[in-house]
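Student: What follows is a single structure, and I will ask about it in a moment.
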Amino acid sequence: MASSSSSSSAETNLATAKTILSTAASVAATAMLVRSIVQDFMPHEFQDLIFSGVRNFFNRFSTQMTMVIDEFDGLVNNQIYEAAELYLGGKVSNSTQRLKVSKPEKEKSFTIAMERDETISDVFDGVKFTWVLVCRQVESKSFYNPRDLNSTLRSEVRSFELAFHKKHLDLVLKSYLPHILRESKLAQQDKKTLKIFTVDYENLYGNLADAWIPTNLDHPSTFETLALDSEIKNFILEDLERFVRRKDYYRKVGKAWKRGYLLYGPPGTGKSSLIAAMANYLNFDVYDLELTELRANSELRKLLIAMANRSILVVEDIDCTVDFEDRNKAAESSSDSSSSNEKQVTLSGLLNFIDGLWSSCGDERIIIFTTNHKERLDPALLRPGRMDVHVHMSYCTPCGFRLLATNYLGIKDHELFAEIEQQIKSTEVTPAEVAEELIKSDDPEAALRGLIEFLKVKKKENEEAKAKKEKEAAGANKGNKKDAEAKLGAEQVKSLTVDKEAEVAEELIKSDHLEVALQGIVDLLKVRKKENVEAKTKKEKERAEVGLGDEKEIEAEPEAKEVESIAVDQLVES
C-alpha cells in the first residue's frame with residue numbers, strides 16, 4: 001500500500017511539473033510572438049509607448065529609482081554626463097566585461113570609458129549605486145529638433161542610467177552628484193595635456209566650440225629656470241596661489257574671478273617664458289589672441305564666451321596690435337572719412353572685455369598683456385581691476401646670470417663670475433642675449449670668456465646709442481616738448497584722481513590679514529607722495545632747462561598743483 005501510494009504521489013508531482021513547464025513554454029512562446037509582431041509591424045514610437053507602459057506598471061511596486069542623464073542638455077553638453085563618464089572610467093573592476101580605451105595622437109595618457117550597455121557598481125557613503133550606459137539607435141531622417149542635440153543629429157543617442165533606492169534621492173542630489181563633479185574635475189586636471197589656442201577666423205561666426213584651434217603646448221619653461229630675481233618670482237607665485245584658492249572671496253567682495261597681469265620691458269627679457277611658466281605651474285591652457293585680426297567688438301565677445309575656465313588669455317605687444325581710438329574723440333571720429341570708420345576693436349570694447357559685464361562670463365581666468373613700451377598705453381588700461389599686477393621684466397641681473405649659468409653650463413660658481421657680474425651691473429643686456437652667448441660652447445671656461453667679450457662690446461654699443469639719442473633730443477623742438485609735458489601732467493593728475501579707489505581696493509585684496517592690508521595702504525600712500533614730490537622736482541628742473549617763461553603757464557601751474565594736492569588728500573581720506 002505504501003509503495004503504491006508513493007508511486008501515485010510521484011506521478012502526480014510529475015504531471016504538475018509537466019503542466020507548469022508546458023504553461024511556461026506556452027507563455028514564453030506567446031510573449032516572443034507578441035514581441036516579434038510588435039517589432040515587425042508597429043512603429044518605433046508605439047513600441048516605446050507599450051514597453052515604457054509595461055515598465056512603469058512593474059516599477060510601481062519597486063523600491064528602486066532610476067535617474068537618466070542624457071549626453072546633451074539642449075544645445076550644450078551635459079556637464080553631469082561628462083563628469084560621470086570620466087568618473088566611472090576610474091571605477092573599473094574585475095567584474096567589468098567591456099571597456100572603451102582610446103588615446104589621441106598628441107595626448108599623454110589613455111582614456112578609459114564604459115562601453116554601451118555595460119554596468120558598473122559604485123559605493124558612496126555606504127550606499128550602492130548602479131550605473132548603466134544606454135545607447136539608442138535613431139533614424140537620421142526622422143524628427144529633428146534644432147534646439148536639442150539629443151534628437152537626430154547623430155545616429156546614436158547616449159545616456160547614463162543611475163539606479164538606487166528611493167530613500168537615497170536627497171543623498172544623490174546633495175552629495176553624490178556634487179562628489180562626482182569634484183572628482184572628475186580633479187582627474188581631468190591631473191591628466192590634462194596643456195594646449196595653446198589660436199583663433200580660427202573662418203569659423204568665428206559658426207559653432208562657438210570651433211572658434212579656437214588647439215595645439216599642444218609643450219614649453220619647458222618653469223619658475224625654476226626663469227632668469228628672474230627671486231623676489232619677483234616669489235611674489236608672482238604667492239599671487240597666483242592666492243588667486244586660485246579665493247573663489248568664494250571674489251564672490252563675497254563682488255569681483256569677477258579673474259586676475260590681470262601686465263608684463264613690460266625690453267624685448268628678450270623673458271615675457272613669453274614667464275607666461276609659459278605660469279601655464280605650467282597652474283596647468284592652465286593658453287589662449288593667444290591677435291587683436292589686429294578682429295573687425296568688431298562683437299567678435300571679441302564671441303571669443304570670450306568660447307574660452308574655457310581655468311585658462312590664460314594672452315595679448316602680446318598690446319601697444320602695437322591695435323591703434324585704439326580716443327574715447328573722448330569718439331563723436332569727432334564718427335564724422336571722419338570712411339577709412340577711419342572701418343570696424344575695429346575699440347578701447348572701450350577692450351575695457352569692457354577685461355573689466356566690464358562681459359568679464360564675468362567665466363571663472364578662474366588670467367589675462368596677460370605684454371608690451372615693450374608701457375608709457376604708450378592708455379592709463380585706463382593700466383589701473384587695478386584691469387591690470388592688477390605690473391611686472392617689470394628688466395635687463396639681466398647678477399642673480400639672473402647665475403641661474404642661466406646653472407641651466408646652460410651646469411655650474412654654480414666660477415672664478416670669472418665676479419668679473420661678469422660687475423659688467424652686467426653696468427651694461428644693459430637681456431637674459432636672451434646672455435643665454436645665446438652661454439649656449440655657444442659646451443666648455444664653461446670658453447663660454448664665460450665669450451660672454452665677457454660680448455659684454456664689453458655691448459656696453460660700448462649702449463654708450464654710443466645713448467649719446468646719439470641725447471644729441472637728437474637736444475635738437476628736438478622745445479615747443480613740442482612743452483606740449484607733451486603739459487599733456488602728460490594732466491593725464492597723471494586725472495589718473496590719480498580717478499583711480500584712487502581702485503588702488504586702495506587692490507591693496508586690500510592682496511592679503512587676508514587686516515593689519516597687513518592696512519599697512520599696504522599706508523605704504524602705497526607713502527610711495528604716491530614720494531612720486532608726486534619727485535615728479536614736481538623733475539618738472540621744475542625741466543622747465544628751468546627749457547627756459548619756459550610764459551606768464552600763462554606760470555599762472556596755470558598753481559591750479560594744477562592744487563588739483564594734484566586735492567587728489568592726494570582724497571586718497572588719504574579714502
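Student: So for segment 200-210 (the condition being surrounded by 17 or more Cβ atoms within 10 Å (Cβ to Cβ), within 29 Å of Ser272 (Cβ to Cβ) and modelled with pLDDT under 90), does at least one residue qualify?
Tutor: Step one: of segment 200-210, the residues surrounded by 17 or more Cβ atoms within 10 Å (Cβ to Cβ) are 204.
If we keep only those that are within 29 Å of Ser272 (Cβ to Cβ) as well, we get 204.
Restricting the remaining residues to those that are modelled with pLDDT under 90 gives 204.
Checked against the condition, which is being surrounded by 17 or more Cβ atoms within 10 Å (Cβ to Cβ), within 29 Å of Ser272 (Cβ to Cβ) and modelled with pLDDT under 90, segment 200-210 yields at least one hit.
Student: Which one of these does Phe243 not meet: (1) open to solvent by 50 Å² or more (accessible area, probe 1.4 Å); (2) part of a helix (DSSP H, G or I); (3) touching a strand residue (DSSP E or B) at 6+ places or on another chain (Cβ under 6 Å)?
Tutor: (1)
Student: Search segment 84-96 for residues that are at pLDDT 80 or above and part of a helix (DSSP H, G or I) and pair each with any residue that is buried (at least 20 other Cβ atoms within 10 Å of the Cβ) and polar (S, T, N, Q) when their beta-carbon atoms are under 8 Å apart and the residues are at least 6 apart or on different chains.
Tutor: What qualifies is Ala84/Ser184; Leu86/Ser184; Tyr87/Ser184.
Student: For residues in segment 401-430 being of a type in the set (A, V, I, L, M, F, W, C) and more than 37 Å from the chain's Cα centre (by Cα), which is farthest from Asp229 (Cα to Cα)?
Tutor: We begin by selecting, within segment 401-430, every residue of a type in the set (A, V, I, L, M, F, W, C); these are 401, 403-405, 409, 411, 416-418, 420, 424, 429.
Imposing the further condition that a residue be more than 37 Å from the chain's Cα centre (by Cα) reduces the set to 416-418, 420.
Numbers: Leu416: 21, Phe417: 17, Ala418: 18, Ile420: 17 Å.
If we take residues in segment 401-430 being of a type in the set (A, V, I, L, M, F, W, C) and more than 37 Å from the chain's Cα centre (by Cα), then Leu416 is farthest from Asp229 (Cα to Cα).
Student: Might you check whether a residue that is among the polar types (S, T, N, Q), open to solvent by 20 Å² or more (accessible area, probe 1.4 Å) and assigned by the TED database to the domain that holds Leu304 occurs anywhere in segment 259-271?
Tutor: Within segment 259-271, the subset among the polar types (S, T, N, Q) is 269.
Checking the rest, the ones that are also open to solvent by 20 Å² or more (accessible area, probe 1.4 Å) come to none.
No; the residues of segment 259-271 include none that is among the polar types (S, T, N, Q), open to solvent by 20 Å² or more (accessible area, probe 1.4 Å) and assigned by the TED database to the domain that holds Leu304.
Student: Let me ask another. Those residues that are open to solvent by 40 Å² or more (accessible area, probe 1.4 Å) and either out of contact with any strand residue (DSSP E or B) (no Cβ under 7 Å at 6 or more places or on another chain) or not in a helix (DSSP H, G or I) (or both), I need them from segment 165-177; list them, please. Full working, then the answer.
Tutor: Of the residues in segment 165-177, the ones open to solvent by 40 Å² or more (accessible area, probe 1.4 Å) are 165-170, 173-175.
Passing the criteria: His165, Lys167, Asp170, Leu173, Lys174, Ser175.
Student: What's the number of the condition Phe223 fails, among (1) open to solvent by less than 70 Å² (accessible area, probe 1.4 Å); (2) in a helix (DSSP H, G or I); (3) among the hydrophobic types (A, V, I, L, M, F, W, C)?
Tutor: (2)
Student: Being open to solvent by less than 60 Å² (accessible area, probe 1.4 Å), among the polar types (S, T, N, Q) and in a helix (DSSP H, G or I) is the filter here; which residues of segment 349-385 pass it?
Tutor: Selection gives Asn352, Ser359.
Student: Here's a follow-up. Check segment 413-426 and report whether any residue there is assigned to a loop (DSSP other than H, G, I, E, B), aliphatic (A, V, I, L, M), surrounded by 15 or more Cβ atoms within 10 Å (Cβ to Cβ) and touching a helix residue (DSSP H, G or I) at 6+ places or on another chain (Cβ under 6 Å). Give the steps one after another, and end with the answer.
Tutor: Just the residues of segment 413-426 that are assigned to a loop (DSSP other than H, G, I, E, B), to begin with: 413-416, 426.
Cutting the leftovers down to aliphatic (A, V, I, L, M) gives us 416.
Now drop any that are not surrounded by 15 or more Cβ atoms within 10 Å (Cβ to Cβ), which leaves 416.
Next cut, touching a helix residue (DSSP H, G or I) at 6+ places or on another chain (Cβ under 6 Å) only: 416.
Yes.
Student: Being at pLDDT 70 or above, part of a loop (DSSP other than H, G, I, E, B), closer than 16 Å to Leu133 by Cα and not hydrophobic (A, V, I, L, M, F, W, C) is the requirement here; does Ser62 meet it?
Tutor: Working: at pLDDT 70 or above: yes; part of a loop (DSSP other than H, G, I, E, B): yes; closer than 16 Å to Leu133 by Cα: no; not hydrophobic (A, V, I, L, M, F, W, C): yes.
So Ser62 fails the test.
The values are calculated or read from the model by the stated rules, or taken from the named source; none is laboratory data. All figures in this text were calculated on a predicted structure; none of them were measured in a lab. Counting neighbours? That spans all protein chains shown, and the Cβs are built from the backbone with ideal geometry, glycine included. These area figures cover heavy atoms from the full protein model, side chains too; ligands, DNA and RNA do not enter into them. Shrake-Rupley method; radii C 1.70, N 1.55, O 1.52, S 1.80 Å.
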